[in-house]
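Encoded as structure tokens, the structure appears first; notes follow it.
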Ligand SMILES: [Zn+2]
């Protein structure tokens, strides 16, 4: 190829590259302006770029409480706990994936739990059909990472309460929660929490008609933990 043609091609390629870069900058600017791209998403995406392609910077496991095992609580009208938990778990996963987090939604006794090591494990359950209101979050009793577990619990409590408007239901955490089976099956280094997202009785409208709000509360709690957001402990612990 003659030299001048080569030079023209080179100039043309440089211009094309510049045009692409400008276009990219405009697209990013518009998305940032419209709130679709936040600093958090950009930093997470950049984090993914420096990890291996296809690998997420953070990996989270969400358990759809009772799925694949039993129904959980069953109300007089036939509404089952698992029917409440599953859509919420799927919406939590969807919200986290939008933020660049890798997510698996697991069954209650999912074989994947054995030796699982992720950045956070959160199990989603709902309370009984009684006419009470409120949610609760706990981590495992026996843990080698108490500070991380406490931070995950605190993030979930703070964000969930703020987004759903539900209060913490005091002093009704059960041994089922502290001694939750999944905490024993994952590796010691996996921070874990179980959340009872509300009572199917008193909080039914929120849990069934506004599952997206419920899921946002859980997802923002998980993101708060992953992003090491500083959350001060509330008086109720
Ligand atoms: Zn349950």
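Which one is surrounded by the most Cβ atoms within 10 Å (Cβ to Cβ) among residues in region 91-132 that are part of a helix (DSSP H, G or I) and within 10 Å of the chain's Cα centre (by Cα)? Restricting to residues being part of a helix (DSSP H, G or I) and within 10 Å of the chain's Cα centre (by Cα), the top hit is 92. The residue that is farthest from residue 123 (Cα to Cα), counting only those in region 188-205 that are under 19 Å from the mean Cα position of the chain (by Cα) and away from the ligand (no atom under 16 Å from the Cβ), is 189.
Here residue 201 meets the list (1) surrounded by fewer than 20 Cβ atoms within 10 Å (Cβ to Cβ); (2) touching a strand residue (DSSP E or B) at 6+ places or on another chain (Cβ under 7 Å); (3) in contact (Cβ under 8 Å) with a residue 40 or more places away in the chain almost entirely, failing just condition (2). Would you confirm, using the coordinates I've provided, whether residue 139 is over 25 Å from residue 71 (Cβ atoms) and under 20 Å from the mean Cα position of the chain (by Cα)? In short, yes. Could you tell me whether region 183-195 includes any residue that is closer than 17 Å to residue 91 by Cβ, touching a strand residue (DSSP E or B) at 6+ places or on another chain (Cβ under 7 Å) and part of a strand (DSSP E or B)? Yes, there is a match, as at least one residue in region 183-195 is closer than 17 Å to residue 91 by Cβ, touching a strand residue (DSSP E or B) at 6+ places or on another chain (Cβ under 7 Å) and part of a strand (DSSP E or B). Return yes when residue 215 is assigned to a strand (DSSP E or B) and at pLDDT 95 or above and no when it is not. In short, no.
Taking every residue in region 64-90 that is more than 11 Å from the ligand (Cβ to nearest atom) and pairing it with any residue that is part of a helix (DSSP H, G or I), at least 6 positions away or on another chain, the pairs with Cβ-Cβ distances below 6 Å are 87/211; 88/211; 88/214; 88/215. One residue alone among 119, 127, 104, 110 is in contact (Cβ under 8 Å) with a residue 60 or more places away in the chain and within 19 Å of residue 191 (Cα to Cα), and that residue is 119. Scanning region 141-160 finds no residues that are part of a loop (DSSP other than H, G, I, E, B) and in contact with a strand residue (DSSP E or B) (Cβ under 6 Å, 6 or more places away or on another chain). Total residues in region 173-198 satisfying the condition of being buried (at least 18 other Cβ atoms within 10 Å of the Cβ) and either under 14 Å from residue 134 (Cα atoms) or in contact with a helix residue (DSSP H, G or I) (Cβ under 8 Å, 6 or more places away or on another chain) (or both): the figure is 11.
The values are calculated or read from the model by the stated rules, or taken from the named source; none is laboratory data. Small disclaimer: the values here were computed from a predicted structure and weren't measured. Reconstructed Cβ throughout: ideal geometry from the backbone, glycine too, with neighbour counts over all protein chains shown.
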